[in-house]
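The numbers here are math on the coordinates, done by the rules we state, and not lab data. Small disclaimer: the values here were computed from a predicted structure and weren't measured. Note that each Cβ is placed from the backbone with ideal geometry, even for glycine, and that neighbours are counted across all protein chains shown.
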Amino acid sequence: MIFKRSSLRQVARYFPIIIAVFASLLVYSCDKPGIVGSGLVPSNGNVVIDTIPLTNYVTSKIELYSGDRIDYSAGIYNDKLFGNVQATGLVQPSLVLPSNIDTLKPDDKIYMRFYIDSVYGDTNQTVTFDLEEASQRWRGRSWTVDSIPPASGNVITSFDVGHDDSIDVQMPQSWVSKYRSVLYSSKDASVRDSIFNIKEPGFILVPKTNGKIVSFQGQNTNLIIHDSVAVNAKTWAYSVKRTNETSVGDSLSQIYSTFSRVPSIKIDVKSDTTLTINGDTLNTKALSRVEMALYEDSTMMQNTLPANNVRPKVSNINIYYLESDQINFDVLKGPIGVAARNPKDGSFRYNLTGQINDIMLGHSNKGRFYFVPEGNSGIIYSLLLRTPQSVVRNPKLIITSVK
Amino acid sequence: MKYINLVILFSLLSSGLVFGQNNNSINDKGSLYSYYGIGTLNDYRDSDAQGMGMSGIGLNVRSANLANPAMWGNVFYTSGSGGFFIRNIESSDNLNKNIKTNLEPSHFQLVIPVKRNKVGVSLGLFPISSSNYSYTKSNFISPINSATGDTVNYNVNNSGSGGIDYLELGIGWQINKNLAVGYAPSLVFGILKDDITTNFSSTAYQPIQLNRKISNIGFGNRAGIYFQKSRVFSDHDQLSVGLMASLPVHLSSTLSVQNYIASSGGTVSNPTKNLKNGNLRLPLRTGMGISYWINQKVLVGSEVLYQKWSDFQNIDGKHDSYLKDRIRLGVGTQFLPANKRSNSFFQNLAYRVGFSYDSGYLKLNDTSIQSWFITAGLGIPSKVGSSININAEYGFTGSKANNLIRERIFSLRISFNLTELMFLKHKIQ
């Protein structure tokens with residue numbers, strides 16, 4: 001055998017030693033990390049914060065469906081900043097199931113119970129409402145905030161709202177009789193309901209005195225029969241008339257949850273080798289956070305509010321993303337998100353990172369971002385928003401990226 | 001014996017495969033200096049010459065010699081060479097110290113005689129640089145700028161990898177017993193990657209992964225000349241001189257950036273376009289080596305390499321101010337205890353020691369990043385020309401002065417040289 005005495009064969013005996021030396025070198029290195037040479041290398045991947053003003057800003061009016069929300073509002077309040085606001089509520093009670101009560105006698109009492117969610121105005125003021133019968137049927141789901149309540153002039157009772165959390169309004173016996181007659185008009189429930197809808201199209205809560213606007217819970221506006229049986233309202237809604245808004249100039253804009261003035265902005269995004277937003281080139285597409293920041297003029301809001309007067313506090317601005325043909329329809333779907341109030345500086349911040357990334361990935365960017373204080377809950381929220389014309393705290397995008 | 005053959009063959013193939021993985025290393029960390037330029041420079045060295053602190057330009061050795069194309073004509077058997085090395089780096093600055101270890105391939109080469117001892121061709125694959133670093137820096141977003149209104153801390157990790165490789169097909173011609181020349185065109189390619197990961201202490205911020213890479217491809221040319229003469233000063237001596245020049249290489253380079261982003265469809269790769277195209281130019285590399293067999297047992301040699309990095313051009317077509325011309329000097333000796341085959345294992349080994357100095361091609365913070373190494377090696381030959389070389393290298397790179405780091409480096413290289421005779425034993429028998 002020519003390889004019998006080969007040196008290579010002999011070295012094969014030492015192979016385990018060589019492997020062991022290699023392995024020990026590897027093991028020796030594993031657990032000894034440390035920060036060395038931080039001054040030697042630059043910090044690539046610098047986090048950069050860019051601020052891009054939002055300039056493409058317009059306000060528009062969007063039709064708001066104000067029926068069957070969580071609440072409905074009624075009252076009159078002359079706001080020094082946001083104008084004279086008159087809200088008129090509507091509510092239609094339901095017919096109780098005969099099986100749920102003992103016999104309803106002609107002299108039995110029926111109360112209408114209202115639960116109060118919110119007050120806008122003078123908290124010390126007691127205000128009066130007429131409960132007026134509607135002259136015709138109406139539908140909560142198709143009721144808009146501009147709709148004119150179908151007044152009949154037939155006031156069946158009046159009631160006051162002071163500091164109470166709830167109000168029980170005793171219905172007149174004439175109305176109890178009408179209610180009773182419908183209740184026993186037929187054994188067929190659908191026939192009874194049809195008759196009730198014709199005979200009792202609901203009530204209009206007409207504010208009779210100035211001082212505050214009260215928001216009532218819709219679902220919990222009940223008829224109370226025999227002190228224990230609560231019959232939920234069938235439908236409810238409200239209308240708002242606003243006049244004499246204070247002029248605040250171009251740098252500020254009064255906006256409302258009633259959608260009567262909705263600001264919107266358009267963000268132009270061009271994504272090629274670099275990312276350009278509203279004409280500003282970022283030189284990176286690595287976005288860690290894109291935040292829209294909106295600011296209110298809290299000082300003016302506070303200074304225009306007399307003592308003991310309140311406005312429903314705006315904690316969020318709802319953000320809608322709508323294309324032109326979606327306005328007046330897609331708002332029914334709800335917002336894409338909310339800009340929450342930053343407790344540190346009072347700004348409203350909305351995280352747009354996902355949307356901008358989507359646009360970079362080719363999603364459509366034809367729409368505009370619309371802002372509405374709080375949701376369409378039935379409570380009337382107001383906010384004094386700074387516009388792009390504002391010298392300070394104008395709306396902007398705050399972009400944190402890695403370059 | 002089959003076992004030894006398989007081990008060597010497997011090792012050769014492994015080194016080739018590791019190349020295909022673009023210089024992956026065990027822990028993805030190496031010299032922090034590899035952040036600069038095209039990374040840490042790897043001189044293609046003959047496995048015998050490594051132990052002598054040289055690359056082997058002027059060294060007449062038994063193995064396939066990658067250092068000088070002129071050597072490829074004087075081959076009788078087809079031979080292959082490959083290997084890998086493990087490098088242990090202890091980095092320290094004035095405050096801290098850390099230790100990293102990398103396992104990397106060194107080279108792969110196949111030399112085939114077209115006309116024995118007259119004309120041969122060589123196919124080689126070897127890296128000339130490797131980028132292999134990882135470091136993390138911390139910073140913060142102040143409360144006034146942060147989305148949360150609180151301080152948001154973040155870490156940025158930079159991790160570099162890749163390098164420049166040569167795939168070379170060359171020819172050597174032994175003109176006469178004294179003179180040989182060689183030429184090797186090559187495909188030069190490689191990707192230099194910098195992966196940047198940014199993580200924030202607040203979930204309000206999306207982590208960012210940003211992958212930058214410069215892809216390079218081009219053609220290179222290398223030529224060598226080798227002269228040897230026996231009986232110069234005595235009856236048993238031999239003097240050899242080699243020259244090698246690798247011409248500047250113009251690489252077509254593309255910078256691209258890719259990042260991963262969170263969208264409504266989940267985290268996806270953001271399609272990127274090439275940000276920049278340009279031409280990266282590698283500079284002229286020349287070398288000269290002299291070796292002298294004093295007798296049949298003792299060889300001494302020295303070598304000088306020069307690279308004109310002041311001519312380097314980055315992808316922007318500009319010269320990087322921190323690059324400077326490089327000179328590498330090596331000197332070493334080899335001792336063969338027996339000039340013919342002995343029954344003693346240790347008598348058959350080749351013992352080598354050497355020293356090298358490298359001026360480096362970086363000048364950072366007004367300080368040249370120089371290196372000093374001492375080397376030692378063992379050559380373990382077989383009767384049929386195959387061999388295993390085990391070379392160790394110990395030395396220093398850089399300095400702690402001027403906010404730099406000093407690296408204490410220990411490398412262990414294993415190279416395998418395989419001749420076709422190993423597979424012809426049955427015929428020989």
| task | Kindly put B:V181, A:V119, A:V155 in sequence by how many other C-beta atoms sit within 10 Å of each C-beta, fewest to most. | result | A:V155, B:V181, A:V119
| query | Between B:F233 and B:N96, what is the spin-label point distance in nm, taking each point 7 Å from the Cα along the Cα→C-beta axis? | reply | 5.3 nm
| query | What is the sum of charges around B:N221, taking Lys and Arg as +1, Asp and Glu as -1, for the other residues whose C-beta is under 12 Å from the C-beta of B:N221? | reply | +1
| note | Interchain or sequence-distant (5+) residues whose placed amide H lies within less than 5 Å of the amide H of A:I110 are A:M171
| Per 20 Å bin, what percent of the C-alpha pairs of the protein assembly as shown does each bin hold, from zero upward? | 13, 30, 20, 15, 13, 8, 1, 0
| query | Which of the pairs B:K177/B:K340; A:K270/A:K313; B:K97/B:K276; B:K100/B:K297 have their Cα atoms more than 31 Å apart in this structure? | reply | A:K270/A:K313; B:K97/B:K276; B:K100/B:K297
| field | Value of [θ]222 nm, deg cm²/dmol, for chain A, DSSP H segments ≥ 4, -39500 (n - 2.57) each, nearest 500 | value | -4000 deg cm²/dmol
| query | What's the FRET efficiency of A:N303 with B:K276 using the Cβ-Cβ distance as r and R₀ = 56 Å, to the nearest 0.05? | reply | 0.50
| Extended-chain gain in nm, criterion 0.36 nm per residue less alpha-carbon gap, A:S247 and A:N210 | 11.1 nm
| request: Provide the net charge surrounding A:Y115, with neighbours chosen by a C-beta distance below 12 Å and charges set as Lys +1, Arg +1, Asp -1, Glu -1. | output: -4
| message | With +1 on the Cβ of every Lys and Arg and -1 on the Cβ of every Asp and Glu, and nothing else charged, how large is the dipole of the protein assembly as shown about its Cα centre, in debye rounded to the nearest 20? | response | 4680 debye
| How high is the relative contact order of the stretch B:4-420, given as a whole-number percent (alpha carbon pairs under 8 Å, six or more residues apart)? | 17 percent
| remark: Expected sort for A:379-389, B:217-227 on mean C-beta neighbours within 10 Å, highest first, is A:379-389, B:217-227
| remark: Long-range amide H partners of B:G56, meaning residues 5 or more apart or on another chain whose placed amide H is closer than 5 Å, are B:D46
| request: Quote the FRET efficiency, to the nearest 0.05, computed for B:N117 versus B:F189 with a Förster distance R0 of 35 Å and r equal to the Cβ-Cβ distance. | output: 0.60
| task | Tell me what chain B gives for mean residue ellipticity at 222 nm when only DSSP H runs of n ≥ 4 count, each as -39,500 (n - 2.57), the sum divided by the residue total, rounded to 500 deg cm²/dmol. | result | -2000 deg cm²/dmol
| remark: Residue by residue through the stretch B:329-341, the couplings from Karplus 6.51 cos²θ - 1.76 cosθ + 1.60 with θ = phi - 60°, in Hz, x for Gly and Pro, are 10, x, 8, x, 9, 10, 10, 10, x, 10, 7, 9, 5
| field | Nearest-20 debye value, the stretch B:144-283 charge dipole, Cβ charges on Lys, Arg, Asp, Glu | value | 420 debye
| remark: FRET efficiency for A:T276 and B:K383 from the Cβ-Cβ distance with R0 = 56 Å, rounded to 0.05, comes out at 0.20
| said: Give me A:Y72, B:Y135 sorted ascending by neighbouring Cβ count inside 10 Å, so fewest comes first. | reply: B:Y135, A:Y72
| query | So what J values fall out for the stretch A:364-377 if you push phi through Karplus, 6.51 cos²θ - 1.76 cosθ + 1.60 with θ = phi - 60°, rounded to Hz, Gly and Pro as x? | reply | 5, 9, 8, x, 10, 8, 10, 10, 9, x, 6, x, 7, 9
| task | Would you mind checking the tilt of helix B:2-20 against the longest principal axis of the Cα atoms of chain B, expressed as 0 to 90 degrees and rounded to 10? | result | 40 degrees
| query | What's the exposure ranking of B:S399, A:S228, going from fewest to most Cβ atoms within 10 Å? | reply | A:S228, B:S399
| message | If I model a spin label at A:T144 and B:H250 as a point 7 Å from the Cα along the Cα→Cβ vector, what separation in nanometres do I get? | response | 7.0 nm
| note | The answer for the net charge of residues other than A:K234 whose Cβ lies under 14 angstrom from its Cβ, with Lys and Arg +1 and Asp and Glu -1, is +2
| Using a basic spin-label model with each label point 7 Å from the Cα along Cα→Cβ, how many nm lie between B:V300 and B:K318? | 4.9 nm
| field | Nonlocal amide H pairs with A:L252, under 5 Å, H built at 1.01 Å | value | A:T387
